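Student: What follows is a single structure, and I will ask about it in a moment.
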Amino acid sequence: MTDTLLEIDHLSVDYETGRGDLKALRDITFDVNKGEIVGIVGESGCGKSTLISSILRLTAPNTRFREGEIRFKGQDLLQSSERHMRDLRGADISIVFQDPMQTHNPVLTIGQQMLDIQHRSKQSKADKLAHAAKMLGAVGIPDPEARLKQYPHEFSGGMRQRIAIAMALMSEPDLLIADEPTTALDATLEVQIIERLQELQREFHCAILFISHHLGVIAELCDRVVVMYAGAVVESGEVREIFHNPKHPYTRRLIECDPGHIKERARVLPTIPGEVPDLANLPGGCIFRDRCDQAMARCATQVPPLDQLKKGHHAACWLNHEEVTT
Amino acid sequence: MLNFATRRFGLSLLILFVAVTVMFLMIRAVPGDPVQIMLGPRATPELQAQLTAALGLDQPIWKQLLIFYGNLLQGDLGTDVFSGRSVTDIVFQQLPFTLELIFASILWSASLGIALGAYAAAHPNTLIDRITAAISVSFVAAPAFVVALLALLVFAVHLQWFPAIGAGEGFWDRLDHLVLPAFAIGLSWVGYIARLVRASMLEVMGESHVRTARAFGIAERRVVMVYALRIAILPVVTVIGVGMGFLLSSAVFAEIVFARPGLGKLVIDSITTRNYPIVMGSVLISTALFVVSTALADLINALLDPRARTAN
């Protein structure tokens, strides 16, 4: 039996700006089950970060939740009190942020910061420090007791990201959000961090919402993947299904453009021509239309719905509908 | 940390040496023969020659400088030309009055400034933030001597809440006498520090580590007071350290307006009478005060910010 942990249900989020409302997220729907790893993939500006901050409700003051719900264990987080949100943050839901060089407080020791985040625990300070040292050991920081006394700038980027992971897992959360945790690191470190995350996920049985624009990492780590484009979900499904049988042109192009996918030496690296549409002034019809080489007349007028093509595989493209009719 | 402190101390000594040497040469460049000014127009040439020799002014200037440093290393700042008292005694007798004035000014202006700035940063663009900004800017724009005169008129002469002149005797009386001068000197600093803290705070609150602290459910109060303010305060510490120099010069105004004893008044009086030993003694102590306070600011910064300890 699979239990749903997090349900994003027809979520629409705007940013109020001087140019009018920026429709950062539109009608986002997907689930994360207990113990599952779900990847979110998309270009910069596709709304990944807005989504994460909405789940934690750590949004900028000009954010407006227009529609939809974010249910965590059945409770709508958008209706929860600030107090309830604070109880969840760093306890049931933890997060690892993108840039490990900026994520820790520069003037407090790692030990102090790891003590502070255990503010809910009734343990003694010595027990909390022991717990912190144990967690640092678990992410492969050598000599953890001594290193607790050190400051963030005394650690390398890879180590800092492992510390961030240790901090996020310390409360044994049900959901770990990883916001491009490897983007700022070089390739060999990336592999290390991914392997460490996999090990820890097996040990702690938490669900992971893994945000990345690196398809290789998503394929390696995730069970399911959600492809986002310009603030909307264009395709979602099992990782194997999405990578071998993509049903949206955007997904196909993303896979073609992934450096890991390029086998032959090419003079020009493949790209997706064109730009993401202006979110403050969205065109009608399909949002990917202008960049799509298979666009049809219908795409200009009607928004393709996110339809289920087979069990667990959804895509929002009219091409799939033509296949059905012909 | 110890290594940092030693290096910083060495640098301070160097600064002190350069500043005192420059001052020594500058005061001798001021027009007017000190001996003539001290003895008046009707002094005999013999008397003039005698005083010139007694002050060592007949020696070449490099030799005067050497003698000055030689005496200084033995803790001797020379003797007052008029009273014959030791300059060290005179300067150290005046020093506490200036010190208490400066510390009182910094204490009230920094506490109020930091509180106002942190509050404004926590509620940016609200009505309270705008009011704070307006008050801060007008405080910055008010020169210390104008504020001193106005404060004297309003609070001492008309309302008679506080004493107008002197430094007072005994702890409470001295405190009572400090209120107006410290208010006058500190007022512009309140605005300056408030603006600085607000800007610095807003910058720090936007940094990722603050978002991390919030994402771990750490109470907002602790996020602001510990995670952000501790970093935002760093430039303020530096500014206050350097600001000691400005406070020393504003103290001169306050000491004159409120007829308080103190270093500033001592320097002004001794420059007009060309009393070289006292000028040099007061300048030396003021420079030392300034050098020590900047060094202290650096040390406090190093204590607060581990990154500063490893940097050069």
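The values are calculated or read from the model by the stated rules, or taken from the named source; none is laboratory data. This one's a predicted model, so the numbers in the text were calculated from it and none came from an experiment. Ideal geometry is used to build each Cβ from the backbone, glycine not excepted, and the neighbour counts take in all protein chains shown.
Student: Working carefully through the options A:Gln112, A:Gln102, A:Gln150, find the one that is outside the structural domain of A:Leu56 (by TED's automatic domain parsing) and at pLDDT below 90.
Tutor: Working: A:Gln112 fails: at pLDDT below 90; A:Gln150 fails: at pLDDT below 90.
Answer to the check: A:Gln102.
Student: Here is a further query. Residues B:Ile185, B:Ile233: which one is within 20 Å of the chain's Cα centre (by Cα), closer than 28 Å to A:Arg86 by Cβ and among the aliphatic types (A, V, I, L, M)? First the steps, then the outcome.
Tutor: Numbers: B:Ile185 fails: closer than 28 Å to A:Arg86 by Cβ.
None of the other options fit; the residue is B:Ile233.
Student: Please go through (1) surrounded by 11 or more Cβ atoms within 10 Å (Cβ to Cβ); (2) under 23 Å from the mean Cα position of the chain (by Cα) for B:Asn71 and return the number of the only condition it doesn't satisfy.
Tutor: Only one criterion is unmet by B:Asn71, namely (2).
Student: Limited to the stretch B:70-103, what total is found for residues that are in a helix (DSSP H, G or I) and within 15 Å of B:Leu263 (Cβ to Cβ)? Even if it seems obvious, please write down each step before you answer.
Tutor: Looking only at the stretch B:70-103, we keep the residues that are in a helix (DSSP H, G or I), and these are B:70-73, B:87-103.
Subsequent filtering for residues that are within 15 Å of B:Leu263 (Cβ to Cβ) retains B:87-103.
Adding up the residues that qualify gives 17.
Student: Let me ask something additional. Quick check on this structure: which one of B:Ala151, B:Ala121 is more than 26 Å from B:Leu263 (Cα to Cα) and among the aliphatic types (A, V, I, L, M)? Spell out the reasoning first.
Tutor: Details: B:Ala151 fails: more than 26 Å from B:Leu263 (Cα to Cα).
On inspection, the qualifying residue turns out to be B:Ala121.
Student: While we're on this one: Which of the residues belonging to the stretch A:103-129 are within 11 Å of chain B (Cβ to nearest Cβ) and hydroxyl-bearing (Ser, Thr, Tyr)?
Tutor: Once the filter is applied, which keeps residues that are within 11 Å of chain B (Cβ to nearest Cβ) and hydroxyl-bearing (Ser, Thr, Tyr), the stretch A:103-129 yields A:Thr103, A:Thr109.
Student: So A:Ile177 clears everything in (1) within 14 Å of chain B (Cβ to nearest Cβ); (2) within 11 Å of A:Val96 (Cβ to Cβ); (3) at pLDDT below 90 except one condition, right? Which one?
Tutor: Failing condition for A:Ile177: (3).
Student: From the residues in the stretch A:60-73 that are in contact (Cβ under 8 Å) with a residue 12 or more places away in the chain and outside any strand (DSSP E or B), which one is farthest from the other protein chains (Cβ to nearest Cβ)?
Tutor: Filtering the stretch A:60-73 for residues in contact (Cβ under 8 Å) with a residue 12 or more places away in the chain gives A:60, A:62-73.
The next check asks that each one be outside any strand (DSSP E or B); those that pass are A:60, A:62, A:73.
Details: A:Ala60: 10, A:Asn62: 12, A:Lys73: 16 Å.
Among residues in the stretch A:60-73 that are in contact (Cβ under 8 Å) with a residue 12 or more places away in the chain and outside any strand (DSSP E or B), the one farthest from the other protein chains (Cβ to nearest Cβ) is A:Lys73.
Student: Counting just the residues of the stretch B:26-60 that are among the small types (Gly, Ala, Ser) and either within 16 Å of B:Met280 (Cβ to Cβ) or touching a residue at least 12 places away in the same chain (Cβ under 8 Å) (or both), which one comes out surrounded by the most Cβ atoms within 10 Å (Cβ to Cβ)? Write out each step before concluding.
Tutor: Quick first cut of the stretch B:26-60, residues among the small types (Gly, Ala, Ser) only: B:29, B:32, B:40, B:43, B:49, B:53-54, B:56.
Right, trim to either within 16 Å of B:Met280 (Cβ to Cβ) or touching a residue at least 12 places away in the same chain (Cβ under 8 Å) (or both) and you get B:29, B:32, B:54, B:56.
Working: B:Ala29: 6, B:Gly32: 8, B:Ala54: 12, B:Gly56: 15.
It comes out as B:Gly56.
Student: Scan the stretch A:194-210 and tell me whether some residue there is touching a Ser or Thr at 6+ places or on another chain (Cβ under 9 Å), on the phi < 0 side of the Ramachandran plot, more than 13 Å from chain B (Cβ to nearest Cβ) and not in a helix (DSSP H, G or I).
Tutor: Yes; the residues of the stretch A:194-210 include at least one that is touching a Ser or Thr at 6+ places or on another chain (Cβ under 9 Å), on the phi < 0 side of the Ramachandran plot, more than 13 Å from chain B (Cβ to nearest Cβ) and not in a helix (DSSP H, G or I).
Student: How many residues does the stretch A:100-131 contain that are surrounded by 15 or more Cβ atoms within 10 Å (Cβ to Cβ) and in contact (Cβ under 8 Å) with a residue 40 or more places away in the chain?
Tutor: 14
Student: I've got another one for you. Small (Gly, Ala, Ser) and either within 14 Å of chain A (Cβ to nearest Cβ) or surrounded by fewer than 19 Cβ atoms within 10 Å (Cβ to Cβ) (or both): is that true of B:Gly243 in this structure?
Tutor: Numbers: small (Gly, Ala, Ser): yes; either within 14 Å of chain A (Cβ to nearest Cβ) or surrounded by fewer than 19 Cβ atoms within 10 Å (Cβ to Cβ) (or both): no.
No: the conditions fail for B:Gly243.
Student: Further, regarding this structure: Which count do you get for residues in the stretch A:80-95 that are more than 9 Å from chain B (Cβ to nearest Cβ) and of a type outside the set (Asp, Glu)?
Tutor: Selection size over the stretch A:80-95: 4.
Student: Looking only at the stretch A:130-140, decide whether some residue is farther than 27 Å from A:Ile194 by Cβ, at pLDDT 90 or above and more than 9 Å from chain B (Cβ to nearest Cβ).
Tutor: Scanning the stretch A:130-140 turns up at least one residue that is farther than 27 Å from A:Ile194 by Cβ, at pLDDT 90 or above and more than 9 Å from chain B (Cβ to nearest Cβ).
Student: Quick check on B:Val226: is it within 14 Å of chain A (Cβ to nearest Cβ) and farther than 30 Å from A:Leu56 by Cβ?
Tutor: Details: within 14 Å of chain A (Cβ to nearest Cβ): yes; farther than 30 Å from A:Leu56 by Cβ: no.
Criteria not met by B:Val226.
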